[in-house]
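The values are calculated or read from the model by the stated rules, or taken from the named source; none is laboratory data. All of these numbers come straight from a predicted model, not from anything done at the bench. Cβ coordinates were reconstructed from backbone atoms using ideal geometry, including for glycine residues, and neighbour counts include every protein chain displayed.
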């Protein structure tokens, strides 16, 4: 996903939920901005984002806000993916004791009025994640994320500084952060002619499995295409199944193998590539 600002949403769908007490964390993950529903909605044209809010006056009561650019685009999505929508609804049904459709709104002011009518005071549960171009001000946090992630490539501060050096090889770098300003991950790639090498992608361990790596990759792929790159490639340990799944879901395919490429422990490297 690119960091370009999206059009102001003109259609907001509001639902109320009371999750099963023992499944509250699962509910927050499924219905949050990086959850199953949000990932499903991203397949539709005109989807903007999802917010999950808790009622501070009534513990165990939640509200979801799904933002779309227009009602027509939401209705088109529901018609196009009607069977998948029903299956998703059935899959998540066991997480809740009660759910209630509250209505449609077009502005934040209307949302606040609607929730006030239901006696709710809300706070965001899982801050929205945004992806943007990295800056030099992010370097120290990128170093901390790298150190907290054992599987990450461990670079020196000098190497990170070179990302922003106009005299160094051209690199593309993006970070993911939530609305509280906390960095959750980053990706760095090197451009050379019409090729782009993915050098490092890091997502803080507590945020892994929530779609952040995929969004960072999408931002990188979009930027590489804009730079007229024709191919993106990378290498990864054979045993890194989660990383391999991420790459394959993003369209990468295995292009080769390097025997005993890695040490400590010794292991083959798989070469992946993506035609841009």
(request) Filter the range 212-248 down to residues that are touching a strand residue (DSSP E or B) at 6+ places or on another chain (Cβ under 8 Å) and part of a loop (DSSP other than H, G, I, E, B) and give me whichever is surrounded by the most Cβ atoms within 10 Å (Cβ to Cβ). (result) 229
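Against the definition (in contact (Cβ under 8 Å) with a residue 12 or more places away in the chain and touching a helix residue (DSSP H, G or I) at 6+ places or on another chain (Cβ under 8 Å)), how does residue 253 come out, yes or no?
no
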(message) With closer than 27 Å to residue 56 by Cβ and at pLDDT below 95 as the only criterion, which of 117, 148 stands out?
(response) 117
(message) I'd like to verify a number: residues in the range 189-201 that are surrounded by fewer than 23 Cβ atoms within 10 Å (Cβ to Cβ) and either part of a strand (DSSP E or B) or under 12 Å from the mean Cα position of the chain (by Cα) (or both), how many?
(response) 7
(request) Tell me which of these residue 117 doesn't satisfy, since it passes every other one: (1) farther than 26 Å from residue 209 by Cα; (2) surrounded by 13 or more Cβ atoms within 10 Å (Cβ to Cβ). (result) (2)
